[in-house]
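These notes are about the structure you will find just below.
The values are calculated or read from the model by the stated rules, or taken from the named source; none is laboratory data. Predicted model only: the values in this text are computed from it and were never measured. Backbone-built Cβ (ideal geometry, glycine too); neighbour counts: all protein chains shown. Just the protein is used for accessible areas: all its heavy atoms, side chains included, with ligands, DNA and RNA removed. Shrake-Rupley method; radii C 1.70, N 1.55, O 1.52, S 1.80 Å.
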Amino acid sequence: MQSSVIIALLCCIIGATLGHPRPEDLTMKPTPPPQYPLNLRGGGGGQPGDGYGFNVAGRQNVWTSDNGRHEVDLTGRYGQHLGGPYGNSPASYDMGANYRFRF
């Protein structure tokens, strides 16, 4: 019984090795060109006694067609008002996607 299990495992290992041969070229592929960083923008302001507000927004291109006419972007935003006579506001989150077609 044990010998048949060992033989079966050996056959599986040999079959897996032969089923996935090693590549001929073992050199590393060239590094792709760097992408531009995430497009971030933000702002804020306020006065003592009135509190301070701030927001941060970002956009990143996630797909472009081969001819460059179609693009899909993901966007996100975070904002909040801190302090002031009414205290802190709840955080505001926005997320979305943009599709762009260039004529």
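When region 41-85 is examined, which residues are found to be assigned to a loop (DSSP other than H, G, I, E, B) and either in contact with a Lys or Arg (Cβ under 6 Å, 6 or more places away or on another chain) or open to solvent by 50 Å² or more (accessible area, probe 1.4 Å) (or both)?
P48, G49, D50, D66, N67, R69, P85
Looking at this structure, is Y99 among the hydroxyl-bearing types (S, T, Y), within 21 Å of G43 (Cβ to Cβ) and part of a strand (DSSP E or B)?
Spelling it out, it is not the case that Y99 is among the hydroxyl-bearing types (S, T, Y), within 21 Å of G43 (Cβ to Cβ) and part of a strand (DSSP E or B).
Taking region 1-37 as the region of interest, how many residues are under 30 Å from Q60 (Cβ atoms), modelled with pLDDT of 75 or more and open to solvent by less than 100 Å² (accessible area, probe 1.4 Å)?
Number satisfying all stated conditions: 0.
Among the numbered criteria (1) out of contact with any strand residue (DSSP E or B) (no Cβ under 6 Å at 6 or more places or on another chain); (2) within 18 Å of G45 (Cβ to Cβ); (3) surrounded by 11 or more Cβ atoms within 10 Å (Cβ to Cβ), which single criterion is violated by N88?
It fails just one condition, (1).
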